[in-house]
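K.L.:
Please read through the structure below; I'll follow up with questions.
Each reported figure results from applying straightforward, stated rules to the coordinates on display, with no laboratory input. For clarity, every value in this text was computed on a predicted model and none was experimentally measured. No Cβ is skipped: glycine too gets one built from the backbone with ideal geometry, and neighbour counts run over all protein chains shown.
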Amino acid sequence: MTTLPRDALGLGLRLPHYEYLVEHTPALGYLEIISENFLGVALPPQQRLEWVRARYPVVLHGVGLNLLGHAPLDERYLDALCRLADRVDAPFVTDHLCWTGAHGVSHHDLLPTPYVPELIELAAERAQYVQRRLGRPFGIENLSSYVALRRSTMSEWDFYAAVVRESGCWSLLDVNNVYVSSQNHGFDPREYLRSVDFSRVLQVHLAGHTQEPDGTLVDTHDHAVASAVWSLYADAWRLGGPFPTMLEWDARIPPMPEVLAELDKAREARA
Amino acid sequence: MSGKPAPAWLAELQAHFGAALRTPLDRSTGTLRATPELYDAEVLAEIVDSARAHSADRLAVYNRQYWFRLFGVLQTAYPLTVRLLGHWRFNDFAARFLRAHPPRDWDLDRAPDGFETFLVDALADEPARDALLEAAQLDSAWRAIFRAPATSPFAPSPEDAARLLDAYLEPSPASAIVVEHWPLIALKRALASTAGEAPMPLPPRSRDSRAWLLVREPLGIRQHALESRECQLLLLLQAHTVRDALGALEALCGDTERAALPAQTQRWLAQSVARGCWSGIRR
């Protein structure tokens, strides 16, 4: 299985990037693809993936596992995910600690659950199963959220740390998500970071966010990374670096040189 | 996996939360607006107000995301239809479709499946209904060709050639035959490089219909003009053996046309194979 250097810097691969990649093939530690975009049989994305995989290590990042849905995991989805991971020889596969659909409807969003011990057990058992099926490290990403649920009996960071620990899986720590949730729910993001077991951090995500008129921060991935998030990233690096890092820029994507310049800021933040 | 089931309260919570997410956006003010006042009391009771915002307003973030994400997916799947209707009216049809057919698959790109069928009834009172349906069918065919798996074009072996007359040809999923009464393919290509949310004027109806074979090629989707009888032959071949299709086409022709038919059908058949219309013989 391919492995990444601990300090690898990568980029979330999006459709507008292909042309630049084909023309310039910039030096990147790895590319991360959205798993669901490549689980189908359509030829054009498969051809692009072949091209990319021949030149870069590729890791898989999912948005459809539905780890905390009330229904059991979708075995058909997992079969396809395993095939894709094998095909690209992914160093690891990741998805979110959330639910995405219920009662037969897929909402295509990353939705929070209450933070309660009963769900630690459920999420950990399922994540462990996913990792076993994949036969490679499975990383669980912390969520950005806009609502806090009354049933919660513990902090998000304790819940997240417990799921990672109990499952024997890994952590995909999204620093922007930590910041967004901290501002939306009024907690100290550095307290969150101090609870992270960095020996289990498989990857760190960085992204931009948007502020709504009422002050709510929304994880839109349509801006450059905010300065407060860079500061948090620098703290995370001091606490537990090195770790592979990845920039997500999904909407209002600027020209590729600007995206690549954002990765340079990650290098600076590590210094 | 046969693990421990999720607690019953989680299913209930997710049912309420999901219903709030799918609450239709209000159009009465001329913009699409979430209506937190319509959320169930059960779901609001599950959410804690924060210092910055009321729980319902926070839930509205998810509500808006649900709809705008899906509007975007449908707009991408039906780019010509959306330009002819304009975003505002298109989103209205999309919302009605999605209320009746919420996405059920982890593949977001499947959410638009069946939208053109929905439009058949939904556009009943629309003066430009036929043109809009033709646009939706063209978008749908385009999308199906793009999403088709890798297929090898049919290259008949000597063995195939010997039994070709009594064989059914398998249409390639990376191809489609479309008949247009408005110059919509040209419009679709022209609009691909432009943006805009206002409705585009519909081009005048063509004097004669035109038939096209659309085929996916390495650099995109290519269109080949089809003669009228050629199109009829290709459509007949999708449902009949080669022998029966040729017979049916011959029956449609008058005496003069019939005399020239053998040479023409041979050319059309060879051309359809060369263009990648077929993927093989149906087993």
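K.L.:
Any idea how many residues of region A:232-271 are more than 17 Å from the chain's Cα centre (by Cα) and farther than 20 Å from A:Leu202 by Cα?
P.N.:
15
K.L.:
For the subset of region B:32-49 comprising residues that are part of a helix (DSSP H, G or I) and surrounded by 16 or more Cβ atoms within 10 Å (Cβ to Cβ), which member is farthest from the chain's Cα centre (by Cα)?
P.N.:
Only one residue fits best here, namely B:Glu46.
K.L.:
Could I ask something else about it? Just to be sure I understand, how many residues within region B:1-31 are more than 9 Å from chain A (Cβ to nearest Cβ), crowded, with 18+ Cβ neighbours inside 10 Å and in a loop (DSSP other than H, G, I, E, B)?
P.N.:
Selection size over region B:1-31: 2.
K.L.:
Out of A:Leu110, A:Leu78, A:Leu122, which single residue is touching a strand residue (DSSP E or B) at 6+ places or on another chain (Cβ under 8 Å) and hydrophobic (A, V, I, L, M, F, W, C)?
P.N.:
Only one candidate passes the filter, namely A:Leu110.
K.L.:
Would you point out which residue out of B:Arg147, B:Arg189 is among the charged types (D, E, K, R) and in contact (Cβ under 8 Å) with a residue 12 or more places away in the chain?
P.N.:
B:Arg147 is the lone residue from the list that is among the charged types (D, E, K, R) and in contact (Cβ under 8 Å) with a residue 12 or more places away in the chain.
K.L.:
Of the conditions (1) within 9 Å of another protein chain (Cβ to nearest Cβ); (2) buried (at least 18 other Cβ atoms within 10 Å of the Cβ); (3) within 30 Å of A:Thr210 (Cβ to Cβ), A:Leu43 clears all except one; give me its number.
P.N.:
Unmet for A:Leu43, out of (1) within 9 Å of another protein chain (Cβ to nearest Cβ); (2) buried (at least 18 other Cβ atoms within 10 Å of the Cβ); (3) within 30 Å of A:Thr210 (Cβ to Cβ): (3).
K.L.:
Quick check: anything in region A:189-203 of a type in the set (A, V, I, L, M, F, W, C), touching a strand residue (DSSP E or B) at 6+ places or on another chain (Cβ under 6 Å) and assigned to a strand (DSSP E or B)?
P.N.:
The answer is yes; a qualifying residue exists.
K.L.:
Surrounded by fewer than 17 Cβ atoms within 10 Å (Cβ to Cβ), closer than 19 Å to B:Trp67 by Cα and more than 12 Å from chain A (Cβ to nearest Cβ), is that true of B:Arg89?
P.N.:
Spelling it out, B:Arg89 is indeed surrounded by fewer than 17 Cβ atoms within 10 Å (Cβ to Cβ), closer than 19 Å to B:Trp67 by Cα and more than 12 Å from chain A (Cβ to nearest Cβ).
K.L.:
Quick one: in region B:51-76, which of the residues that are among the small types (Gly, Ala, Ser) and surrounded by fewer than 20 Cβ atoms within 10 Å (Cβ to Cβ) is farthest from the other protein chains (Cβ to nearest Cβ)?
P.N.:
B:Gly72
K.L.:
So, in region B:63-102, how many residues would count as being closer than 15 Å to B:Arg33 by Cβ and among the aromatic types (Phe, Trp, Tyr)?
P.N.:
Count: 5.
K.L.:
Among the numbered criteria (1) crowded, with 23+ Cβ neighbours inside 10 Å; (2) more than 9 Å from chain B (Cβ to nearest Cβ); (3) over 28 Å from A:Leu247 (Cβ atoms), which one does A:Gly69 miss?
P.N.:
A:Gly69 satisfies every listed condition except (2).
K.L.:
Please enumerate the residues belonging to region A:1-40 that are aliphatic (A, V, I, L, M) and within 14 Å of chain B (Cβ to nearest Cβ).
P.N.:
Result: A:Leu15, A:Val22, A:Ile34, A:Leu39.
K.L.:
Looking at (1) within 14 Å of another protein chain (Cβ to nearest Cβ); (2) touching an Asp or Glu at 6+ places or on another chain (Cβ under 9 Å), find the lone condition where B:Ala150 falls short.
P.N.:
The failed condition is (2).
K.L.:
Could we say that A:Leu217 is of a type in the set (A, V, I, L, M, F, W, C), within 14 Å of chain B (Cβ to nearest Cβ) and in contact with a strand residue (DSSP E or B) (Cβ under 6 Å, 6 or more places away or on another chain) here?
P.N.:
Yes: the conditions hold for A:Leu217.
K.L.:
Another question, then. Any idea which of B:Arg52, B:Arg58, B:Arg89 is without any contact (Cβ under 8 Å) to a residue 40 or more places away in the chain and in a helix (DSSP H, G or I)?
P.N.:
Every option except B:Arg58 fails the conditions.
K.L.:
Just the residues that are within 18 Å of B:Glu12 (Cβ to Cβ), facing another protein chain (nearest Cβ under 7 Å), surrounded by fewer than 23 Cβ atoms within 10 Å (Cβ to Cβ) and not aliphatic (A, V, I, L, M), please, taken from region A:94-123.
P.N.:
A:His103, A:Gly104, A:Glu118
K.L.:
Still on this model: Just to be sure I understand, how many residues within region A:55-66 are more than 14 Å from chain B (Cβ to nearest Cβ) and either among the β-branched types (Val, Ile, Thr) or closer than 12 Å to B:Leu10 by Cβ (or both)?
P.N.:
2
K.L.:
Separate question: Would you mind stating whether B:Arg83 is surrounded by 14 or more Cβ atoms within 10 Å (Cβ to Cβ) and either in a helix (DSSP H, G or I) or of a type in the set (Asp, Glu) (or both)?
P.N.:
So B:Arg83 passes the test.
K.L.:
Look through region A:155-187, keep the residues that are outside any helix (DSSP H, G or I) and within 14 Å of another protein chain (Cβ to nearest Cβ), and return whichever of them is nearest to A:Ala236 (Cα to Cα).
P.N.:
Filtering region A:155-187 for residues that are outside any helix (DSSP H, G or I) and within 14 Å of another protein chain (Cβ to nearest Cβ), the one nearest to A:Ala236 (Cα to Cα) comes out as A:Phe187.
K.L.:
Within 11 Å of chain A (Cβ to nearest Cβ) and more than 18 Å from A:Cys98 (Cβ to Cβ), is that true of B:Ala45?
P.N.:
yes
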